[in-house]
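The next block holds one structure in the form of structure tokens; read it before the comments.
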């Protein structure tokens with residue numbers, strides 16, 4: 001396993017995380033530009049809304065992969081996890097803004113949707129849980145919060161499940177794609193339950 | 001005013017139709033996949049010639065009709081209709097077709113018949129989407145006989161001057177403009193006259209969300225979203241939503257069909 005992990009760890013040792021923020025800004029900017037110039041098909045608002053949501057889910061899943069990769073494959077990408085998490089948050093903010101401003105448009109209907117529609121309620125709760133995580137994704141908060149920081153950041157597990165359920169519920173009929181995402185997320189959470197045998201139990 | 005004249009003038013909207021490209025690249029036809037562009041990408045495999053439609057049940061002339069025999073003697077005309085999807089988007093579509101009533105007269109509806117049931121082709125070899133149990137295939141729909149006989153209800157065989165694209169339900173489909181789009185069943189292979197309300201696909205899949213009638217109604221929300229407004233397709237990313245009209249704007253023509261019915265109960 002180390003034969004596989006070592007080269008990756010060596011290669012990434014010198015790669016900083018900050019370029020991820022720049023790279024991460026490219027897809028949404030490109031998507032918006034494609035929408036403005038009429039290159040997203042006949043229903044561009046839905047394409048933008050769904051694409052931002054889906055990319056956000058990918059980033060969430062990527063961030064959930066970091067610790068199992070370190071534990072089970074010895075690949076250490078921990079330095080990129082904050083960037084993945086924050087990018088996920090920004091993408092979901094974008095997803096939400098597209099829904100608010102370009103799709104629903106009406107303030108009264110937005111509030112009605114949030115309280116009346118289970119899939120939107122669930123999506124909004126998932127988003128709300130991300131806010132404390134995004135706000136505390138900095139070194140100062142880690143130092144300040146100490147042990148509590150790790151506990152707070154376990155909220156991401158709930159966010160991931162809520163995000164996947166939101167995806168399943170918004171489709172007409174029971175569809176395979178969102179179920180696969182929920183399956184992947186549940187698997188990534190389940191591996192965290194594997195007892196750590198290397199730890200001395202005293 | 002003679003009925004014929006009223007027809008010619010009255011049934012098309014003067015709103016600007018969507019482009020052929022918009023109409024034929026943005027489709028819900030789950031037999032070819034659940035994405036909006038899946039049908040346009042996958043439906044070319046559908047064999048539409050030869051095409052047979054089984055007509056059965058309470059009719060004088062049941063049988064397996066070839067498409068040519070079925071449509072023989074029907075008067076085709078253009079009907080520009082608003083089209084409102086249950087997903088809250090809408091288009092304006094210039095259909096070409098004939099009135100279902102004429103077809104029903106041709107096959108002879110018997111007195112006991114109360115409903116018309118329709119079935120879409122089910123071809124696992126040609127339809128990649130039916131591998132997944134999104135719906136209980138084959139796709140089925142139905143109308144009450146008076147709805148089916150309403151002059152707005154047509155069997156469509158084309159869009160603009162083109163034959164019906166496969167992704168839009170070639171070679172022959174139903175169009176019921178005052179109901180949500182999923183009632184307008186595509187690629188019909190069977191028409192049955194029956195005496196009881198027939199099972200319909202979306203109603204089977206989720207009776208709480210999709211009723212038998214499924215008339216466009218801004219006051220009756222879908223459980224998961226409001227039906228008060230709709231997004232017109234084709235307006236770009238800053239397009240304004242518009243208010244959904246009762247019976248999709250055909251209230252004058254069809255409201256009498258539902259007199260005395262509680263429309264939030266019979267949604």
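The values are calculated or read from the model by the stated rules, or taken from the named source; none is laboratory data. Source: prediction; values computed, not measured. Because the Cβ atoms are built from the backbone with ideal geometry, glycine has one as well, and the counts that use them run over all protein chains shown.
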Check your understanding: For residue B:247, which of the numbered conditions (1) assigned to a loop (DSSP other than H, G, I, E, B); (2) at pLDDT 90 or above fails to hold?
Key -> (1)
Point to revise | Residue, farthest from residue B:137 (Cα to Cα), within region B:110-122, restricted to residues that are out of contact with any helix residue (DSSP H, G or I) (no Cβ under 7 Å at 6 or more places or on another chain) and surrounded by fewer than 19 Cβ atoms within 10 Å (Cβ to Cβ) | key: B:111
Exercise for review: Within region A:70-79, identify whether any single residue is more than 18 Å from residue A:188 (Cα to Cα) and in a helix (DSSP H, G or I), and answer yes or no.
Suggested key: yes
Exercise for review: Kindly indicate which of B:185, B:204, B:159 is over 13 Å from the mean Cα position of the chain (by Cα) and either surrounded by 23 or more Cβ atoms within 10 Å (Cβ to Cβ) or under 19 Å from residue B:84 (Cα atoms) (or both).
Suggested key: B:159
Point to revise | In region B:225-248, the residues that are closer than 19 Å to residue B:263 by Cβ and within 13 Å of chain A (Cβ to nearest Cβ) | key: B:225, B:226, B:227, B:228, B:229, B:230, B:243, B:244
Practice item. Would you please list the contacts, defined by Cβ atoms under 8 Å and residues six or more apart or on different chains, that run from a residue in region A:39-54 that is within 21 Å of residue A:180 (Cα to Cα) and at the interface with chain B (Cβ under 8 Å from one of its Cβ atoms) to a residue that is outside any helix (DSSP H, G or I) and at pLDDT 95 or above? Key: none
Practice item. Scan region B:61-88 for residues that are farther than 30 Å from residue B:243 by Cβ and touching a strand residue (DSSP E or B) at 6+ places or on another chain (Cβ under 8 Å) and jot them down. Key: B:61, B:62, B:63, B:64, B:65, B:66, B:67, B:70, B:71, B:74, B:75, B:76
Revision key, fill the gap. Of the residues in region B:101-130, those that are closer than 21 Å to residue B:38 by Cα and assigned to a loop (DSSP other than H, G, I, E, B) come to B:121, B:122, B:123, B:124, B:125, B:126, B:127
Practice item. Find all pairs meeting these conditions: Cβ atoms under 8 angstrom apart; at least six residues apart or on different chains; first residue within region A:16-35 and without any contact (Cβ under 8 Å) to a residue 12 or more places away in the chain; second residue surrounded by 16 or more Cβ atoms within 10 Å (Cβ to Cβ). Key: A:34/A:40; A:34/A:44
Review point. Out of all the residues in region B:60-76, is one or more within 14 Å of chain A (Cβ to nearest Cβ) and not in a strand (DSSP E or B)?
Key: no
Practice item. Answer yes or no: is there a residue in region A:86-102 that is under 18 Å from the mean Cα position of the chain (by Cα), surrounded by fewer than 20 Cβ atoms within 10 Å (Cβ to Cβ) and within 14 Å of chain B (Cβ to nearest Cβ). Key: yes
Exercise for review: Go through (1) closer than 22 Å to residue B:152 by Cα; (2) more than 14 Å from chain A (Cβ to nearest Cβ); (3) modelled with pLDDT of 95 or more and name the single condition residue B:86 misses.
Suggested key: (2)
Review point. Which numbered condition trips up residue B:262, out of (1) away from chain A (no Cβ under 14 Å); (2) surrounded by 17 or more Cβ atoms within 10 Å (Cβ to Cβ); (3) more than 19 Å from the chain's Cα centre (by Cα)?
Key: (2)
